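Take a look at the structure set out below.
All of the numbers you see were taken from the coordinates with simple rules; none came from a lab. This is a predicted model, so every value here is computed, not measured. Cβ atoms come from the backbone with ideal geometry, glycine included; neighbour counts cover every protein chain shown.
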Amino acid sequence: MTHQPDHNTVSMLVAAVQNLQADLQTLLDRTPNPDQIWLNSGDFAKLCGVSTSTVRAYRDNKSFRSESLREKTRGKRKDFLYHREFALDDFRKAQS
């Protein structure tokens with residue numbers, strides 16, 4: 001004797017799996033390469049779950065310690081790199 005699940009149970013299971021897939025993809029999108037210590041603004045923003053303009057605002061407000069931030073100048077352009085652990089700590093402290 002075999003038991004066949006009803007349509008509602010199957011639909012609920014499919015929806016749950018789809019939600020898990022979406023949650024996993026969000027997590028993967030927000031997690032830069034774990035071997036990378038210094039992150040560019042875009043990757044750091046993803047890690048924090050905010051936009052790059054939010055990261056820039058925190059930087060402009062001097063929310064990051066010197067050991068959390070590296071500045072690279074390319075001609076007239078300035079790029080910033082954020083230390084994965086130190087900058088994240090600074091960001092979280094500044095949010096609270």
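Quick check on region 54-66. Is at least one of its residues among the β-branched types (V, I, T) and touching a residue at least 24 places away in the same chain (Cβ under 8 Å)?
yes
Being of a type in the set (S, T, Y) and assigned to a helix (DSSP H, G or I) is the filter here; which residues of region 53-96 pass it?
Across region 53-96, the qualifying residues are S53, T54, Y58, S66, S68.
Could you list all residues from region 34-51 that are loosely packed, with under 15 Cβ neighbours inside 10 Å and without any contact (Cβ under 8 Å) to a residue 24 or more places away in the chain?
P34, D35, G42, G49, S51
In region 60-96, which residues are under 13 Å from F44 (Cα atoms) and hydrophobic (A, V, I, L, M, F, W, C)?
Those that are under 13 Å from F44 (Cα atoms) and hydrophobic (A, V, I, L, M, F, W, C): F64, L69, F80, L81, F86, A87, L88, F91.
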